[in-house]
1. Which of the peptides 308-319, 28-39 is most tightly packed, and how do the rest follow, judged by the mean count of other Cβ atoms within 10 Å per residue?
2. Determine ³J(HN,Hα), in whole Hz, for all residues of region 37-52 in sequence, where each value follows from phi through the Karplus function 6.51 cos²θ - 1.76 cosθ + 1.60 and θ = phi - 60°; x replaces Gly and Pro.
3. So, R0 is 22 Å and r is the distance between the beta-carbons of Ile275 and Ala219; what FRET efficiency does that work out to, to 0.05?
4. Through the Karplus equation 6.51 cos²θ - 1.76 cosθ + 1.60, θ set to phi - 60°, convert the phi angles of region 66-71 into ³J(HN,Hα) values in whole Hz; use x for Gly and Pro.
5. Go through region 161-166 residue by residue and turn each phi into a ³J(HN,Hα) via Karplus (6.51, -1.76, 1.60, θ = phi - 60°); whole Hz please, and just put x for glycine and proline.
6. Between Asn183 and Phe307, what FRET efficiency follows from the Cβ-Cβ distance if R0 is 41 Å, with the result rounded to 0.05?
7. My understanding is that a pair violates if its Cα-Cα distance is over 18 Å; which of Lys123/Lys301; Lys34/Lys56; Lys34/Lys123 do that in this structure?
8. For a 21 Å ceiling on Cα separation, which of these pairs sit above it: Lys24/Lys169; Lys139/Lys169; Lys139/Lys160?
Amino acid sequence: MSGARKVAVCVTGASGYIASWLVKLLLGRGYIVKATVRDPNDPKKTEHLLSLDGAKERLHLFKADLLDEGSFDSVVDGCDCVFHTASPVLFSSTSDPQAELIDPAVKGTLNVLKSCKKFPTVKRVVLTSSMASVMMNGKPLTPDVVVDETWYSDPLIAEKHKLWYLLSKTLAEEAAWKFAEGNGIDLVSINPGFVIGPLLQPTINLTVEMIQNLITGKAVPASNYRLIDVRDVALAHIQAFEVPSATGRYCLVSHAAHISEVLEIIQQLYPTLHIPERCEDDNPLLLPSDPQFQVSKEKAKALGIGFYPFEVTLKDTIESLKEKGFLNI
Ligand code: NAP
């Protein structure tokens, strides 16, 4: 970072899996990080952040909830960039998708953007969107199809198939672009696939839990996955702010694989590991069918993302699960 002034940035939902890595990388680059959490008094949500290098000097925690209007104002004030990552991640069925997923995702995003509009220090907003809001537009998905940033998921299709997480991310991104365009906000979105990689937080999050389940023999959807390393995702957020020409959306997928291929690679990495017989969960995570397709890396590469090799990501995920006590192998 050049110049004498230390640049302040905001990270919403800072205790989350992806956001914790983002906070770590931002502190490593010398930024002042104003981080929001729902409960600053919960050590499980804060201790891993407070112990990061640079945290003592440059990390400031704030309490904020996506559904409390104005609760981001004091955090965003004085920041050059706002990284909006907070949003509920829930793939299982829910009795109230509106309250549990859609309202926090959509109203929360608008709430954060309204705060950004109030403070002219904010030069860019980086939104953590998802491949969920990219891949489902009704066009056929087959192994030779390459999905890219020009694809937009159709909320009607998501609703029809009761894919509530996919719907929440699609509607949130749609609302964000509309608000940004109408209010002169420089918005960039990062659209990762299924994120795995080492954990910083002491709890296990939903996507890394899939790897734990796979190894311990619990039911895992026998789907195709489009995977990406959490460290690539965090870096992409920073590049989306630091690279002046960054614009629009960035799909982030390093490796597309069926769950059986993921299992094979784990077995190669840990030849003596006995993976129990699994009963397969027929409910796919995100799509009503189980399509295999590719995702373009071109735009992400132009942003400077190198992509961790998939074997490294998988090994680092498993080693992290062992170290945190989530796997005993
Ligand atoms: P995570 O660890 O569950 O993080 C979600 C974060 O959102 C948590 O910090 C959570 O706060 C916060 N949050 C949820 N509801 C909130 C509310 N009402 N008010 C304030 N904060 C709230 O999951 P993650 O995987 O890191 O996900 C982070 C972002 O990446 C999300 O936007 C997600 O949609 C997106 N994403 C994730 C993946 C993936 O594979 N993991 C892929 C694509 C996109 P608490 O800690 O207080 O619960």
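1. The most tightly packed comes first, giving 28-39, 308-319.
2. 9, 6, 9, x, 8, 8, x, 5, 9, 10, 4, 5, 7, 5, 8, 5
3. So the FRET efficiency works out to roughly 0.95.
4. Calculated HN-Hα couplings, in order: 4, 8, 8, 4, x, 6 Hz.
5. Going residue by residue, I get 8, 6, 8, 6, 5, 4 Hz, with x marking Gly and Pro.
6. 0.75
7. As for pairs spanning more than 18 Å Cα to Cα, those are Lys123/Lys301.
8. Checking Cα-Cα distances, Lys24/Lys169 exceed 21 Å.
Each value in this text was obtained by applying a stated rule to the coordinates, not by laboratory testing. Model, not experiment: these values are computed from the prediction. We place every Cβ from the backbone using ideal geometry, glycine too, and count neighbours over all the protein chains shown.
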